[in-house]
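Okay, structure first, notes after.
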Amino acid sequence: MKTGTIVGAGLAGSLWAVYLAKAGYKVTVFERRPDIRKAEISAGKSINLALSERGWTALREVGLDRMVEDLAIPMYGRIMHDEKAKLTFQPYGEEGQAIFSVSRGGINARMMDAAEQSGDVTIHYNHQCVDVDFENTKVTLLNKETNETIEHQSDVVFACDGAFSAVRYNGFQKVDRFNFSQNYIADGYREILLPANEDGSYKLDKNALHIWPRGEFMLIALANEDGSFTCTLFMPFENHEYSFDKLNSRDDVDQFFREVFPDFHAMMPDVADQWETHPLSSLALMRCYPWTHENFALLGDAAHATVPFYGQGMNASMEDCYVMGQLMKKHNENWTEVFKEYQEVRKPNGDALQDLSVHNYKVMRDLVADPHFLLKKKFEHRIHDLYPEKYLSLYSMVSFSNIPYAEAMQKGKEQDDFIEKIMRENDIEARFENDTIDELIHSIFQAEAV
Ligand code: FAD
């Protein structure tokens with residue numbers, strides 16, 4: 001029987017187990033943690049995530065979309081909260097288009113259920129990968145309950161063990177000509193849970209992603225199913241007027257929220273109570289290449305960990321599974337061929353995902369409050385409404401399509417230059433006011449067609 005090993009039963013590993021089982025493999029998954037379906041997920045570690053088109057496509061391919069639909073809360077746009085508690089709504093895409101807030105533990109558990117139901121899949125919990133043997137396609141695992149070490153051999157191994165991948169560290173990084181870089185950004189994050197009202201209702205509109213953009217830092221909030229919101233403060237660790245190192249006491253935290261996020265503080269006057277119990281976490285980008293060696297491949301964060309500002313890390317990891325699945329069929333499970341094409345196709349997209357994610361931090365914490373940026377977005381939406389086949393914004397290409405990230409980024413740059421030029425040459429604001437904007441857009445597109 002064909003055999004496959006997966007290290008890590010997180011978001012990529014549990015989904016890839018379904019793909020592999022459906023292809024007729026006997027799949028063995030080793031997960032360092034206990035079964036999250038039985039254990040409490042630890043507080044303060046990204047409780048919910050934004051799921052968008054790439055993730056849905058990968059789930060749909062193996063019939064899993066229906067299993068997670070009920071977990072998904074649509075978010076149709078951003079709601080910005082300014083210092084005076086004034087709210088501005090900005091749609092993400094066309095009417096009805098949304099990205100979705102999903103519980104990390106919830107979606108992971110559903111994918112584990114599906115893996116176990118979809119064929120010959122065994123998940124071993126509390127098994128930590130500690131070594132790699134490329135020559136014999138083996139991994140070594142430490143059973144954290146018994147302290148025993150075992151070896152496991154199979155035809156092919158997939159490292160889905162996240163940003164700090166042990167397979168990458170113990171295996172790939174020891175291979176000649178393997179490139180690897182790890183870059184921490186200057187900012188960290190701390191999560192805060194905004195509870196539901198006493199009657200279980202939401203304190204904010206649940207169908208939007210809330211942002212309190214403050215230039216060098218920001219607070220965001222995504223709805224959970226139980227009426228609460230998971231809020232995340234992203235901010236420099238130090239050396240800024242507002243940075244984590246300035247918030248050392250309960251009073252500092254209370255004062256900071258009262259002054260900088262007054263509407264949030266009014267909803268949650270006891271925000272300082274959670275400060276100490278929710279950890280301050282760091283954020284890093286990891287780049288490496290090659291992504292495959294012998295019968296081993298890196299998937300998800302193990303290959304391309306990124307910062308979370310485009311809400312794409314999980315989506316990209318799921319897309320890795322989708323692409324690997326397509327290539328597995330195309331090359332009739334000749335893994336040498338599959339791996340060769342997988343890394344050639346995916347690496348430029350992993351790099352682009354990381355560049356896009358870094359850029360979007362500036363967009364979220366700063367530009368969304370910038371009048372020029374908002375006008376540009378309005379202009380882009382109007383162009384798209386009039387010429388939907390010809391114009392898709394960068395955000396839509398990334399979040400509402402499966403256009404490869406590298407292509408989306410390149411096209412986005414070209415479009416941005418084009419839009420900026422038109423906005424400079426024409427008084428766009430006045431054009432909106434005197435209703436001649438459509439005329440201008442038609443004339444540009446007609447000229448283009450000529
Ligand atoms: P993980 O989900 O990290 O899974 C790795 C698994 O491997 C874990 O279960 C781990 O326990 C296990 N493991 C680790 N080491 C070993 C070992 N030695 N042996 C065995 N098992 C091991 N992405 C989005 O698309 N949308 C978002 O909105 C979003 N928001 C985010 C917010 C924050 C604050 C952060 C930090 C990330 C966010 N992401 C988001 C990114 C997303 O979390 C990751 O891209 C995604 O989890 C990657 O999936 P993965 O399976 O590769 O890794």
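Counting only DSSP beta bridges whose two residues both lie in the chain, roughly 75 percent are antiparallel.
Count Lys and Arg as plus one, Asp and Glu as minus one, and take only other residues whose Cβ is under 14 Å from that of Gln128; the net charge is then -3.
Note on Lys86: lysines with a C-alpha under 18 Å away, same-chain residues under 8 apart excluded, are Lys203, Lys206.
Restricting to Cα pairs below 8 Å that are 6+ residues apart, what does the relative contact order work out to for the chain? Please round to a whole percent.
On the way: 822 pairs, mean separation 80.9, N = 450.
Reported as a whole number, the value is 18 percent.
Express in nm, to one decimal, how much length is gained between Tyr184 and Leu280 on full extension, taking 0.36 nm for each residue of separation and deducting their alpha carbon distance. Show your work: numbers first, answer last.
Values: separation 96, 0.36 × 96 = 34.56 nm, distance 1.39 nm.
The span from Tyr184 to Leu280 would gain 33.2 nm if fully extended.
Could you order peptides 287-294, 321-328, 118-125, 368-375 by the average number of other Cβ atoms within 10 Å of their residues, highest first? Mind showing how you got there, number by number?
On the way: 287-294: 19.6, 321-328: 21.1, 118-125: 17.1, 368-375: 14.2.
So the order, starting with the most tightly packed, is 321-328, 287-294, 118-125, 368-375.
Suppose R0 equals 25 Å. What FRET efficiency, 1/(1 + (r/R0)^6) with r the Cβ-Cβ distance, do Phe89 and Asn402 give to the nearest 0.05? Present the calculation step by step, with values, prior to reporting the outcome.
Details: r = 27 Å, r/R0 = 1.07.
Here the calculated transfer efficiency is 0.40.
Applying a 10 Å radius around every beta-carbon, put 270-283, 71-84 in order of their mean neighbour count, most first. Each step should come with its number before you reach the end.
Values: 270-283: 15.1, 71-84: 17.9.
Most protected by this proxy first, the peptides run 71-84, 270-283.
The GluC sites (Glu not before Pro) of the range 303-386 that meet both conditions, a loop assignment by DSSP and at most 16 other Cβ atoms within 10 Å of the site Cβ, are Glu333.
Looking at the chain, the accessible area is 45 square angstrom per residue; that uses a 1.4 Å probe and ignores ligands, DNA and RNA.
Past 25 Å, Cα to Cα: identify those pairs from Lys38/Lys329; Lys174/Lys340; Lys362/Lys390; Lys84/Lys246; Lys2/Lys138; Lys347/Lys390, in the order given. Working shown, then result.
Values: Lys38/Lys329 35 Å; Lys174/Lys340 20 Å; Lys362/Lys390 27 Å; Lys84/Lys246 23 Å; Lys2/Lys138 15 Å; Lys347/Lys390 27 Å.
With Cα atoms farther than 25 Å apart: Lys38/Lys329; Lys362/Lys390; Lys347/Lys390.
Per residue of the chain, the DSSP helices (runs of n ≥ 4 H) give a summed -39500 (n - 2.57) that works out to -12000 deg cm²/dmol at 222 nm. Once divided by 2.2 N^0.38 Å, the Cα radius of gyration of the chain becomes 1.03. Evaluating 6.51 cos²θ - 1.76 cosθ + 1.60 at θ = phi - 60° for every residue in the range 314-326, the Karplus couplings come out as 5, 4, 5, 5, 5, 5, 4, 4, 4, 5, 4, x, 5 Hz, glycine and proline recorded as x.
For the range 76-218, give the percent of accessible area contributed by carbon and sulfur heavy atoms, probe 1.4 Å, rounded to a whole number.
Values: 3070 of 7000 Å².
Roughly 44 percent of what the probe reaches on the range 76-218 is carbon or sulfur.
Just so you know, the Rg over Rh for the range 259-339 is 1.25, from Cα atoms, with Rh as the Kirkwood radius. Treat the range 370-449 as a sphere of radius equal to its Kirkwood radius over Cα pairs and apply Stokes-Einstein at 25 °C in a medium of 0.890 mPa s; give the translational diffusion coefficient in µm²/s, rounded to a whole number. It comes out at roughly 186 µm²/s. Listed values for the range 407-421 are Karplus-derived 3J(HN,Hα) couplings in whole Hz (6.51 cos²θ - 1.76 cosθ + 1.60, θ = phi - 60°), namely 5, 4, 5, 5, 5, x, 5, 4, 5, 5, 4, 4, 5, 4, 5, and x replaces Gly and Pro. Restricting the calculation to Cα atoms, every distinct pair contributes to the Kirkwood radius of the range 184-282, found to be 13.9 Å. For Lys2 and Lys413, a Förster radius of 45 Å and the Cβ-Cβ distance give a FRET efficiency of 0.55, rounded to the nearest 0.05. The figure for Ser401 is an accessible area of roughly 20 square angstrom, using a 1.4 Å probe on the protein chains alone. With a Förster radius of 22 Å applied to the C-beta separation of Asp251 and Asp82, the computed FRET efficiency comes to 0.35.
As a length-normalised measure over Cα pairs under 8 Å and 6 or more apart, the relative contact order of the range 184-282 settles at 31 percent.
The values are calculated or read from the model by the stated rules, or taken from the named source; none is laboratory data. A quick note: this is a predicted structure, and the numbers were derived from the prediction, not measured. Reconstructed Cβ throughout: ideal geometry from the backbone, glycine too, with neighbour counts over all protein chains shown. All accessible areas refer to the heavy atoms of the entire protein, side chains included, with ligands and DNA or RNA removed. Shrake-Rupley method; radii C 1.70, N 1.55, O 1.52, S 1.80 Å.
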